[in-house]
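Presented below is the structure to which this report refers.
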Amino acid sequence: MANPTMRVEAAEKEAAAWHVRLGTTSIETRTIEEFFEWRAKPGNAQAYSRVDRVWRESRGLGPDPALAEALDGARRRSRVSPASGRRSVLFGGLAVATALALMVGGSWFWTDRNAFATRVGEQRVIPLGDGSSLSLDTNSRVRVRFTDDQRRIDLLEGQALFNVAHDAGRPFVVFAGDTRVTAVGTVFDVRRAGEGVRVTLVSGVIDVQSDQAPSPPRRIAAGQQVRVSGARIDTRAVDVEAETSWATGQLVFTDIPLAQAVAEMNRYLTEKIEIDDPAIRSVAVNGVFRTGDRDAFVAASSDVMGLRAVPKADGSVGLSRRRN
């Protein structure tokens, strides 16, 4: 009878193949979708973790020779070459600048103390080892620390959308400054801007608490948003799709003051939009714009709102009233 420690399950062979496919620098939309469909099946997430551990321990020559051989064989069979010119992929409706969590030696790499970041204009979908995932918005930073009794995410800067796998024994807790968001299995968005924190619940139930507030945790339901500023916690109903539209690569504006819309667009731009005329700051903006698409926003400002756009030497664009 074969030694059970030498036997490689079918799931592990598939995991080895996935490890190779995900080791490229450019990944197609469908590849990302297929990976998560595969990983959602019983036993596959654990199989992938075992393959990844073997690879990390000794770069593919780990203590489990059968598993290492399966991984090496998958790499020999692969003839995938990185495609050029792709800047973004789409996973589950989430536009991202890259779907790689962290590239180390050409493979995805997770540890209990990972830190992830995005540059201005970049977005990432980061799969986590428990089956959860987070979508990291432009110019954002998080740190992931999982223990036996808690799944902890520190949102150090920016914004992230969390899709949390259910695990009643290990609550999923997001820390954003003094604000703490606790969930078991749900989808929610957290944005940190200075000392303020905004939490939007897409589905499920979460508890929000501020270390500066003496009150117990505030429980909110889907469709609600909590704004935390110091000891103050305010809850209101919101349009969840609009509030989380950034995760689909879009910004939805409904009667938003121009100053606020410009500030949102500028989060994704290295060459900013500037308002040169204070009188137009309150002009209402309505529309749907791709994140980072400055040209479309400026064109709409000129054509629909009747504003004048003036390119500047530093690469920025100034908006002002059109003079007859």
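Please treat every number below as a calculation from the coordinates, not as lab data. Not measured: the values here are computed from a predicted model. Methodologically, a virtual Cβ is constructed for each residue, glycine included, from the backbone with ideal geometry; neighbour enumeration extends over all protein chains shown.
If every alpha-carbon in the stretch 110-242 counts as one equal scatterer, what log10 I(q)/I(0) does Debye give at q = 0.13, 0.15, 0.19 1/Å?
Per q value, in the given order, log10 I(q)/I(0) is -0.48, -0.65, -1.08.
Evaluate E = 1/(1 + (r/R0)^6) for N139 and A259, where r is the Cβ-Cβ distance and R0 equals 22 Å; express this FRET efficiency to the nearest 0.05.
0.70
Using the 10 angstrom Cβ neighbour count as an exposure proxy, how do M265, M305 rank, fewest first?
Listing M265, M305 from fewest to most nearby Cβ atoms yields M305, M265.
Neighbour counts of other C-beta atoms within 10 Å: give me V164, V205 arranged from fewest to most.
V205, V164
Pulled fully out, how much extra length does the chain show between D234 and V304, if you take 0.36 nm times their separation in residues and subtract their Cα-Cα distance?
21.7 nm is the gain from fully extending D234 to V304.
Taking the alpha-carbon distance from K41 and a cut-off under 19 Å, which lysines remain once sequence neighbours fewer than 8 residues away in the same chain are dropped?
Within the straight-line cut-off, K41 pairs with K13.
Could you list the square roots of 5 times each eigenvalue of the Cα gyration tensor of the stretch 249-321, that is, the equivalent ellipsoid semi-axes, sorted largest first and rounded to whole Å?
After scaling each eigenvalue by five and taking roots: 16, 15, 10 Å.
Which percent of Cα pairs goes in each bin when the distances of the stretch 204-276 are cut into 10 angstrom slices starting at zero?
Spelled out bin by bin, the stretch 204-276 gives 16, 35, 32, 16, 1 percent.
Tell me which lysines have Cα within less than 20 Å of K272's Cα, excluding those fewer than 8 residues away on the same chain?
K312
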